[in-house]
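Scroll down for the structure; my scribbles are underneath it.
The values are calculated or read from the model by the stated rules, or taken from the named source; none is laboratory data. Given the structure is predicted, the values throughout are model-derived calculations rather than measurements. Methodologically, a virtual Cβ is constructed for each residue, glycine included, from the backbone with ideal geometry; neighbour enumeration extends over all protein chains shown. The area values use the complete protein model at the heavy-atom level, side chains included, leaving out ligands, DNA and RNA. Shrake-Rupley method; radii C 1.70, N 1.55, O 1.52, S 1.80 Å.
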Amino acid sequence: MEVVILPTPSDCGRVVADVMAAAVTGRTADDRPTLGLATGSSPVLAYQELIRRHREEGLSFSGARAFLLDEYVGLPADHPQSYRSVIRREFTSHVDIADGDVHGPDGSHPDPLVAAREYEQLLRDGGPVAVQLLGIGGNGHIGFNEPGSSLSSLTRVKTLTEQTRRDNARFFERPEDVPRHVITQGLGTIGRAQHLLLTASGSGKADAVAAAVEGPLTASCPASVLQVHPHATVVVDEAAAAKLERADYYRYTLQHKLRHQPF
Ligand code: F6R
């Protein structure tokens, strides 16, 4: 796992944007790029940077397909807080990714268990995802794989912890409006992506980042599954890196990166 510590959240956004831009550049029509997108606050600066590059520097996502990590159960797709709406509003509608090429679990399906299985199949048929962008919950979740999730889980319905519901209440009018259930890619599903790119900023994420990167591999910290992925990159600002014991080594590694060594 490569850990990249940068001074500010904006610096993290630029590096995350570099990796995602590289994944869509130089592709041909029969080699369409496949991006895994996260929602929440963590990826927002990267999305803004990608939108800027699209508008000002001609970065094109033409032909790209995007797959969401998760979705709330019970919100119609056009609800402003459904992850389908959020990703459209914050990213895909501002670049040249067609709406029909943005896929996510169907949170309004009459049977969420069926919707989960269908999404897993869609990911198998459409994958592998080239770069999967990830945030991390304060409790170490990725996607909505709450602590205790099987490290090889597939897409399924999960019940959010009360803490995660409280954390996400800021996006809803009333705390009780946050759905209790979600459909999320499993940890095994996420692990099929070719490159996992986790980003976090702020001191509120410092414990989770330290547990994910330097703690034991354990279902108690779902993000620790990145430790067994062949290509995982963690991009954090100084505040989120504050509890990393090997921080000096990560900085040293970044400083001495070979000229053509990509993230
Ligand atoms: C969102 C997701 C979650 C978030 C995590 C961090 O699609 O899968 O794992 O990435 O809860 O949320 P923020 O970035 O809002 O702190």
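Observations on the model:
- Matching residues in the range 125-155 - criterion: being out of contact with any strand residue (DSSP E or B) (no Cβ under 8 Å at 6 or more places or on another chain) and without any contact (Cβ under 8 Å) to a residue 60 or more places away in the chain: Asp125, Ser152, Leu154
- Residue in the range 249-263 that is within 17 Å of the chain's Cα centre (by Cα), open to solvent by 10 Å² or more (accessible area, probe 1.4 Å) and in contact (Cβ under 8 Å) with a residue 24 or more places away in the chain present: yes
- The one condition from (1) modelled with pLDDT of 95 or more; (2) out of contact with any Leu (no Cβ under 7 Å at 6 or more places or on another chain); (3) not in a helix (DSSP H, G or I) that Val234 does not meet is (2).
- Filter result for Glu120 (more than 18 Å from Arg180 (Cβ to Cβ), in contact (Cβ under 8 Å) with a residue 24 or more places away in the chain and assigned to a helix (DSSP H, G or I)): yes
- Only listed residue being farther than 22 Å from Val236 by Cα, out of contact with any helix residue (DSSP H, G or I) (no Cβ under 6 Å at 6 or more places or on another chain) and within 16 Å of the ligand (Cβ to nearest atom), chosen from Leu122, Leu75: Leu75
- Hits in the range 237-248 - residues which are outside any loop (DSSP other than H, G, I, E, B) and free of Cβ contacts under 8 Å to residues at least 40 places away in the same chain: Asp248
- Some residue of the range 228-236 being among the small types (Gly, Ala, Ser), crowded, with 23+ Cβ neighbours inside 10 Å and within 12 Å of the ligand (Cβ to nearest atom): no
- Taken over the range 39-69, the criterion of being within 16 Å of the ligand (Cβ to nearest atom), open to solvent by less than 10 Å² (accessible area, probe 1.4 Å) and either closer than 16 Å to Val95 by Cβ or touching a helix residue (DSSP H, G or I) at 6+ places or on another chain (Cβ under 7 Å) (or both) is satisfied by Pro43, Ala46, Tyr47, Ala66, Phe67, Leu68.
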